[in-house]
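Below is one structure, written out as structure tokens, with a few remarks after it.
Taken together, the values in this text are just the output of simple stated rules run on the coordinates, not laboratory data. If you're wondering where the values come from, they're calculated on a predicted model, not measured in any experiment. Here the Cβ positions follow ideal geometry from the backbone for every residue, glycine too, while neighbour counts run over all protein chains shown.
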Amino acid sequence: MTPLERELPPDVLPMIRTIAMPADANANGDIFGGWLMSQMDLAGGNLAQRIAHGRCATVAVEAMSFIRPVRVGDEVSVYCQLVSIGRTSMNISIEAWRRERSEENDERVTKAVFKFVAIDSSGRSRPLPPNATARLSAASRPSSP
Ligand SMILES: CC(C)(COP(=O)(O)OP(=O)(O)OC[C@H]1O[C@@H](n2cnc3c(N)ncnc32)[C@H](O)[C@@H]1OP(=O)(O)O)[C@@H](O)C(=O)NCCC(=O)NCCS
């Protein structure tokens, strides 16, 4: 793949950026899929909470793909984008990208669509507020040059 053909990560701020550590690895030295899913859940839940102005629960994960392995020491960035909203639910497209810490080659490693539901203090679904998407611009603004 030439530099021009290289995939570029989304031009928005990641919801989460972290380093994959040895405790997150399996016996082969690759990072557990479950760890990556939990990072995606955390990142998407953070965006959902901002949209719903309150507590949310993950209700479904669709089309989960593990595209490439993540290695110990990689920088992992998780990007989220609201795809659609229902009465109480939000579909959020979530991608994780890896970057070898000493390199500049970003690679997409996972993608999925998570569904979050706004819930009340008793854990029951509640309608999204009328201005649900108003805070989105702050959550997904382009990164600074
Ligand atoms: C989230 C939860 C409160 C929803 O309860 P519920 O009785 O299904 O609520 P509702 O019937 O009002 O449905 C709520 C929304 O979820 C959607 N939904 C519910 N179950 C779903 C499923 N299995 N797949 C996709 N969507 C689903 C409904 O379509 C609805 O969307 P809409 O209001 O935007 O149209 C309940 O399923 C729950 O507590 N699940 C466990 C959540 C959890 O523990 N997650 C892990 C930790 S965060």
Checklist entry - Roughly how tilted is helix 33-52, in degrees to the nearest 10 and between 0 and 90, from the longest Cα axis of the chain? => result 40 degrees
Item to check | Test item: Cα-centred dipole of the chain, Lys/Arg +1 and Asp/Glu -1 on Cβ, debye | outcome: 740 debye
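Give me the tail of P(r) for the range 68-123 as a percent: Cα-Cα pairs with distance above 13 Å.
Details: 1000 of 1540 pairs.
Everything past 13 Å amounts to 65 percent.
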Item to check | Farthest toward positive dipole pole in the chain [+1 Lys/Arg, -1 Asp/Glu at C-beta], among Ala27, Ser89, Ala43 | outcome: Ser89
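For the range 10-132, report the % of Cα-Cα distances exceeding 26 Å.
Values: 1836 of 7503 pairs.
When every Cα pair of the range 10-132 is considered, 24 percent fall beyond 26 Å.
Net charge near Thr88, counting Lys/Arg +1 and Asp/Glu -1 over other residues with Cβ under 13 Å of its Cβ? Please report the intermediate quantities before stating the final value.
Details: positive: Arg55, Arg87, Lys115, Arg124, Arg126; negative: Asp120.
Charge balance in the 13 Å sphere: +4.
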